[in-house]
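*Asks:* I have a structure here, written as structure tokens, and I will follow up with some questions on it.
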Amino acid sequence: MTAEIEFRGQFRATALGALQPANWYMGFRCQACHETFAVLDDLTGAGEIEPMGTGTFDVVCPACSAPNRFQAGDMIVFQAATARAGQDVQSGT
Ligand SMILES: [Zn+2]
């Protein structure tokens with residue numbers, strides 16, 4: 001069962017900071033650096049939500065600080081990673 005969420009009008013969104021691993025979020029992919037960031041919690045908690053509508057979102061990328069403008073249809077629903085990349089344990093020398 002997929003829930004639909006409709007956005008209308010213009011939003012000025014702020015990227016969420018720390019994401020809870022395994023939680024679902026709604027966000028965008030930066031048009032400049034292609035990093036994915038979240039702006040909203042997924043209200044279904046299961047990734048079963050479909051953003052729609054004619055709304056636009058102005059969001060500054062938290063990774064590269066590029067100002068982005070997205071359409072509601074650009075919104076992606078994703079699950080936060082359960083492990084952090086780039087934190088490999090050093091094994092010996
Ligand atoms: Zn970026």
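The values are calculated or read from the model by the stated rules, or taken from the named source; none is laboratory data. What you see is a predicted model; the values in this text were computed from it and never measured. Heads up: the accessible areas ignore ligands, DNA and RNA and are worked out on the full protein's heavy atoms, side chains in. Shrake-Rupley method; radii C 1.70, N 1.55, O 1.52, S 1.80 Å.
*Asks:* What is the set of long-range amide H partners of Val39 at a cut-off below 5 Å, with H atoms built 1.01 Å from backbone N?
*Replies:* When sequence neighbours closer than 5 places are left aside, the close amide H contacts are Leu16, Met26, Gly27, Phe28.
*Asks:* Taking only the C-alpha atoms, wrap a convex hull around the chain and report its volume per residue in Å³ as a whole number.
*Replies:* Details: hull volume 9.6 nm³, N = 93.
Considering the Cα atoms of the chain, their hull volume per residue is 103 Å³.
*Asks:* Kindly report the accessible area of the range 3-79 per residue (heavy atoms of protein chains, probe 1.4 Å, no ligands, DNA or RNA), in Å².
*Replies:* Working: 4450 Å² over 77 residues.
Value for the range 3-79: 58 Å² per residue.
*Asks:* Per residue of the range 58-67, in order, report the coupling 6.51 cos²θ - 1.76 cosθ + 1.60 (Karplus, θ = phi - 60°) as ³J(HN,Hα) in whole Hz, putting x for Gly and Pro.
*Replies:* 9, 9, 8, 5, x, 8, 10, 6, 6, x
*Asks:* Continuing with this model, one more query. Please list 3J(HN,Hα) in residue order for the range 40-51, calculated via the Karplus relation 6.51 cos²θ - 1.76 cosθ + 1.60 where θ = phi - 60°; whole Hz, with x for glycine and proline.
*Replies:* 3J(HN,Hα) across the range 40-51, in whole Hz: 9, 6, 6, 5, 8, x, 9, x, 9, 9, 10, x.
*Asks:* First compute the accessible area of the chain with a 1.4 Å probe, then give the percent of it belonging to carbon and sulfur atoms.
*Replies:* 48 percent
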